[in-house]
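Following: one structure in structure tokens, then a few remarks.
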Amino acid sequence: MSVKGSLIALSALLLGGYQTAFAQGFTPSFGNNGSIGVIYMPNAAMQPDGETSWSFINNGTRSGGALNFQLLPNIEASARIVSLENWTAPGVAFDDNTLDLKFRLLREGAIRPALAVGFRDFLSNGPTASEYIVATKSIGDKLRLTAGLGWGRLGSNNPIFSTGSRTAVDNSFGVGHMFSGDAAPFAGIEWQTPLDNLVLKAEYSSDAYLGEQVFGSFSQNSPFNFGAEYRLGKHFALGAYYNNGSEFGFRISVSGNPNQPITPQDLGVGPAPVNARSADFSRDVSWAIPAVQNRMIDILSAALEPDGIIVQEGRITGDTLELYINNNKYARQPMVVGRLARVLAGSTPPSVEVFRITLMSGNLPTTTMVIKRVDLEAQVDRPNAGPDSFATTSFSSAPYHIAGDNVWEREIDKRFSWRITPNIPVNLFNAGGLGELDLILAGSAQYRVSDALGLNLSVTQKLIGNIGASAGVNLSPLQHVRSDATLYDSTGPVVERFTADFQTKLAPSLYARFSAGYLERMFGGVDAELLWKPSTQNWGLGAEIAYVKQREFDSLLGFQSYETVTGFASIYWNTGWNGLEAQVDVGRYLAGDWGSTFTLSRQFTNGWEVAAYMTLTDVSFTDFGDGNFDKGIRLRIPFNWTLPFESQAATTVSFGGYGNDGGARLNIGNRLYPSIRGNDTTDYYETWGAYWQ
């Protein structure tokens, strides 16, 4: 096997695996590109699992923003967009949108250094594309030494050998350039000073900065860089640097960890106690006449509603109680089921032996859990109650309605509803690095014709903001399905959505949706979707097709002449390992291009989620747009990470290219899989610890 092939294979050998740990000295610090490293050079250190940070970076030759995420204990991922000054011509910058990966192959030992292999601008032969292998060793708890070899850009300064010719930078997608060409050494040192939270660092760089010297006045006077980082508590860090003997730079980083909430959790009201029935409890079911049954569910529904548990359907017989419920409060579904089961055990006649609880998403029933009352009574407050209760609970896909006679149904008590809220969309992944945001006043209204059919209207008024302001002149040769986004940036009111939406279940595992009208800000038409997703299965299949026309720029009610058919086949897979989920969509995009989108996400049990996507289509790399293939990251942070009580609210921040025409999809807010996600047995198993909370 070639050197290049060996290194690529080695990078995947221990993909996220766990090795015996050894202290790696003081807290790892950020480099001036927003990743864990020395300054520009990488090291083999890693952050705690799940640690997430955003950095703004600026120096004489580049500025931008970076999202860094500890994807797994041994895998670090960074998404970055950096503006490279004077790159394509004097005074003309190049916006480099990259994804970096670092794999730790060996943890640090008593004598052995940590060893990592990494990729900058992964899968793209761009101006910052590099590969490296690096070793890092802590000397005591105050000093950290790093040495490594770099290829690509990191192999351009005083190379010591070559692994063959390397393809010239062309921004193309592929792996042929990896670990090819000249290889150059780099090294670094980091010192934790006696002053708490202050780290000083220096490095010898293997980057010759050749591209920056072609059109600009930049000159690399020295391969040595110097820097300092000061941490302000757990969540903020400042960095200052003197690089190349000619320029100063700085960095601001904000961090958080899903596994370390800002506030103490679960300070709300505890669950109801469970009092076991006596050994000679009455099994008489003569009370179970229709009038009594419905009255009991009336009372139960009213009692549960203040706790965010909304009963939609119910049926009680002499020995079984069945409920279809919406959970409007608790972030983890097993928590609402456990609390409801406790309430039912304390409020229903002793003859009721079985609780059938079905969780709903909107009007869609997802999973039915069957809990035997005798098991609940035997397990509460006992050792191993968590795994025992999961083992004795049965799961199945729920039918659209409860079967049988005398089914209690909630009336649609609010057919018309509306609200006005502020909205602050954020795009942190623009070339300026500081990010873009808008302040928008959003109004929405809904009229429920039936439980399955609703009319939805969304109108927004932009008050102030700059999202899209950094977009340049639109030279895209494709149909401008997204690249004219700034033309839709109206100062007047905008009809974001005006649709009739119908969604139902055709079978216990088969969901269906149909939407018609103004589907999103730029397109209107009709859209239909099917999803097959059994609750006891960790994967599902979906299909979607739409006929749409492009809307007028004023985003009110007119249409332009462009029309198209777009559609996708999708597969969804919940791996059940470390919260990782994968999704693949294959089909026709809005500009008529064919291709696929791959999405990988990691969801934590408290609702935190980081998702990365990549889209490749049959559009040429030259015509595709910024980055030559679409890629980006989505970060979801639940409010209950910062609040001491249960909440389902969350904020979502996007990191991605703005306005690419290639690989563009409809923005449909009520797609089926996101609507029901989190309601299969794999998800319940991962969060079942909340069942007794």
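A few comments on the model shown:
- Inter-part distance where the range 167-213 and the range 541-584 are each reduced to a Cα centre, Å: 39 Å
- Based on protein heavy atoms only, the range 65-184 ends up with 33 Å² per residue of surface accessible to a 1.4 Å probe.
- Shape category assigned to the range 520-643 from the gyration tensor of Cα positions, a/c cut at 1.5: prolate
- Whichever lysines have a C-alpha closer than 30 Å to that of residue 631, once near sequence neighbours (fewer than 8 apart) are set aside: 4, 102, 234, 462, 533, 549
- Residue-count net charge about residue 462 - beta-carbon cut-off 14 Å; Lys, Arg +1, Asp, Glu -1: -4
- Label-to-label distance, nm, for residues given as residue 210 and residue 317 (7 Å Cα→Cβ offset): 7.8 nm
- When mean projected area of the Cα convex hull in nm² is calculated for this entry, the matching label among (i) 30.7; (ii) 32.6; (iii) 34.5 is (ii).
- Within the shell defined by Cβ-Cβ distances under 12 Å, the residues around residue 553 carry a net charge of -2, with Lys and Arg each +1 and Asp and Glu each -1.
- Here the simple spin-label model places points 7 Å from the Cα toward Cβ, and for residue 618 and residue 92 these points are separated by 3.1 nm.
- Here the range 93-136 and the range 49-86 have alpha carbon centers that stand 12 Å from each other.
- In the assembled protein chains, residue 636 presents an accessible area of approximately 70 Å² (probe radius 1.4 Å).
- Cα lying deepest toward the dipole's positive end in the chain, options 159, 504, 338, charges on Cβ: 338
- In a simple Cβ point-charge model (Lys, Arg +1; Asp, Glu -1; nothing else charged), the chain has a dipole of about 800 debye relative to its Cα centre.
- Charge tally for residue 283 (other residues, Cβ to Cβ under 11 Å; Lys, Arg +1; Asp, Glu -1): -3.
- Taking the chain and dividing mean pair separation by its residue count, relative contact order in percent (alpha carbons under 8 Å, at least six apart): 10 percent
- Fully extended contour minus Cα-Cα distance, from residue 649 to residue 455, at 0.36 nm per residue: 67.5 nm
- Prolate/oblate/rounded label for the range 223-332 (Cα gyration tensor, a/c 1.5): prolate
- Area of residue 584 that stays accessible when all protein chains are in place (1.4 Å probe, Å², to 10): 50 Å²
- Residue-averaged [θ]222 nm for the chain, counting only DSSP H segments that reach four residues, each worth -39500 (n - 2.57): -3000 deg cm²/dmol
- In terms of its C-alpha gyration tensor, the range 448-566 has a prolate overall shape, because the principal axis ratio a/c (a ≥ b ≥ c, square roots of the eigenvalues) is not below 1.5 and a/b outweighs b/c.
The values are calculated or read from the model by the stated rules, or taken from the named source; none is laboratory data. Note that the structure is a prediction, hence the values are computed from the model and not measured. Ideal geometry is used to build each Cβ from the backbone, glycine not excepted, and the neighbour counts take in all protein chains shown. Side chains are part of the model used for accessible areas, which takes the heavy atoms of the whole protein and leaves out ligands, DNA and RNA. Shrake-Rupley method; radii C 1.70, N 1.55, O 1.52, S 1.80 Å.
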